[in-house]
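Okay, structure first, notes after.
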Amino acid sequence: MGALPGIVAVVSFVFYAVAYDGAVINASTLFTALVSFDQLRFPLLFYPMALAQLAQAKVSAQRVEAFLRLGEVSTSASASDGKASYTLNDDALKKGEINATDVTIYWGDPTVPIKNSDADDGLSSLDGSSHSRSSKKSSKVDTNSAGEDDAEGTEVLRYHKAVLSEINLNVVPGELCAIVGRVGSGKSTLVSAILNETVIGSGHIGLNGSVAYAAQSAWILNATLRDNITFGQPFDQEKYDKIVETCQLTHDLDLLDHGDMTEIGENGINLSGGQRQRVSIARAAYSEADIIVLDDPLSALDPEVGKKLFDECIVKFMRGKTRILVTNQLQCLRFCDSVIAVGHGRIVEQGSYDELSNSDGEVQRLLDDLKASRGPASDPSGRPRSESDASTGKHRDSISDEPEPIVEKKENTGLVTEEERNVGAVTWYVYKKYILSGGGYVKFLFVYLMFVLCTAIGLLNNAWISVWTSDAEYERNSRAFYLSIYAVSSVALGFFTFFRSYFLAKFGVRASGNLHQNLLNSVLSAPMSFFDTTPTGRILSRFSKDLYSIDLELSDYLDFFLFCG
């Protein structure tokens, strides 16, 4: 682009001299034309950049449009056919009451056909949802009948299939309701519908009161353990201590370096699975919500800790709250006020434990399977002793009566490291690393010499124009001679400008590739402590924004610097 104005000027002068008889190219005409052509330099330079920005803006606008076209999540709006609705604060219900009437539940809008890409990806938009994995098989799509459309070669429209249908339930205030069923039966889908996280095809779900939720995969904030439990609520020491005790976290706080002020890494990286789950339950208990939804919170706990947490926290401490407990720990059902059994895409049984255990239904079959699975090495809860160290690393019964050694508390310096930022001028060491990554001093010197050569040819061009204008009457040489020399120098300038840009781009690509490879090797070779103390977003920023700057911005800045130098 930098040599194009000169080439255009040569072509214009030649065409002007050949096409017009008696054409006069004097100093005023020549310099006026050259200035006009030189003004094309910057528009041509920024034209590719404008096209790139336009392409990026178009992609971004499409993404924003796709997001804005998504269906609205409302707590009181009805579906388009007027047959489905969800009400969060239903005044017709008592505080803490949950009611569902003839509800059909989908994971996607049943009125909108599924694109082929979505179907091939297995409904990829739901893959990141923890509660969708259990119902992934159930969320496959329906297809229109037979091969009529196939025979005609038209596309078959596919729609989301109902995951649960004919759902009718009523949970009264203060009730402990257990939801049981086999793996993939739709237990998590049912509680997701109560939380308004699904699409309701028909029927009505209503509840009244605030809601707290402990997910099957515990969500942990990158903050102190106390902040994870209080979660923005005012700190109440007495209530906090009681919740820590009932959630069986007292022993774990003693093991942590700084107790409840220990910083928890991203996604709870420095906590075990059981500890994360108990922190999640403690957060729900601390919230004092009217309705508490617990999605299989006991699965990550060893039997003894799970039994104590269920008795002391879920049954006793949360008494008076409406509790929805999804669980496979069937030994807990006798302590629940009501039991809902889910299977075959619907609620197959619901009632009290005594009623369901004395009938030949789904709950009784699950209890029979539990009894059959118990072996001589199993503990009273039905789980093998070898699995009972999931949450604390060792079974509580194995703790001897010997006094524990006193562990000296370390200074609380935090877990996540501060991001390093250099202030001031860029040091020579940084430039040296970039030059060595691009191929070394020799290749950089070669690129620099190409810039010097292009500048020299440009100066020669200007000098030749001065010689040309000094012979306005063409007494020393003919006009064709001046034009030919100017044309050769302009073409040479374009030729060397191309190779200057080529070698600079090659140098930048090599530098970027080597720096990326070194970065990748460093991250892959880093110890696990590095990932414990470094947020994922910071690592992604190095591979995205920083490498983008090296790929594009740094090469452009180097081009301007060498050109001006």
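Over all orientations, the range 429-556 has a Cα convex hull whose mean projected area works out to 10.3 square nanometres.
Which chymotrypsin sites (Phe, Trp or Tyr not before Pro) in the range 210-313 pass both tests, a DSSP loop state and at most 13 other beta-carbon atoms within 10 Å?
Those satisfying the criteria are PHE235.
For the range 101-112, putting each phi into the Karplus relation 6.51 cos²θ - 1.76 cosθ + 1.60 with θ = phi - 60° gives couplings of 10, 6, 8, 10, 10, 10, 8, x, 5, x, 8, 10 Hz, in residue order, rounded to whole numbers and with x for Gly and Pro.
What ranking, highest mean first, results for peptides 477-488, 345-356, 176-187 when packing means the other Cβ atoms within 10 Å averaged over each residue?
Working: 477-488: 15.0, 345-356: 16.9, 176-187: 21.8.
Ranking the peptides 477-488, 345-356, 176-187 by packing returns 176-187, 345-356, 477-488.
Amide H contacts under 5 Å for ASN328: none, restricted to partners 5 or more places along the chain or on a different chain, H placed in the peptide plane at 1.01 Å from N. Sequence-ordered 3J(HN,Hα) estimates for the range 31-48 from the Karplus curve with 6.51, -1.76 and 1.60 and θ = phi - 60° stand at 5, 5, 5, 5, 5, 5, 5, 5, 5, 6, 4, 6, x, 5, 6, 8, 4, x Hz, glycine and proline given as x.
Give me the log10 of I(q) over I(0) for the range 280-362 at q = 0.21 Å⁻¹, as the Debye formula computes it from C-alpha points; what are the numbers? Cα-only, vacuum Debye calculation for the range 280-362: -1.06. Near ALA341, the amide H atoms lying under 5 Å from its own belong to VAL180, VAL348, GLU349, GLN350; only residues 5 or more places off or on other chains count, and H is placed 1.01 Å from N.
Which loop trypsin sites (Lys or Arg not before Pro) in the range 310-341, with loop taken from DSSP, have no more than 13 other Cβ atoms within 10 angstrom of their Cβ?
On the way: sites: LYS316, ARG319, LYS321, ARG323, ARG334; in loops: ARG319, LYS321.
Within the range 310-341, the qualifying trypsin sites (Lys or Arg not before Pro) (loop, at most 13 other Cβ atoms within 10 Å) are ARG319.
Across the range 214-373, Cα-Cα pairs farther apart than 20 Å form 52% of the total. Taking the number of Cβ atoms within 10 Å of each Cβ as an exposure proxy, the fewest-first ranking of MET49, MET261 is MET49, MET261.
Read-outs throughout are calculated quantities, based only on the coordinates presented, and are distinct from any laboratory measurement. What you see is a predicted model; the values in this text were computed from it and never measured. Cβ: placed from backbone, ideal geometry, glycine included. Neighbour counts: every protein chain shown.
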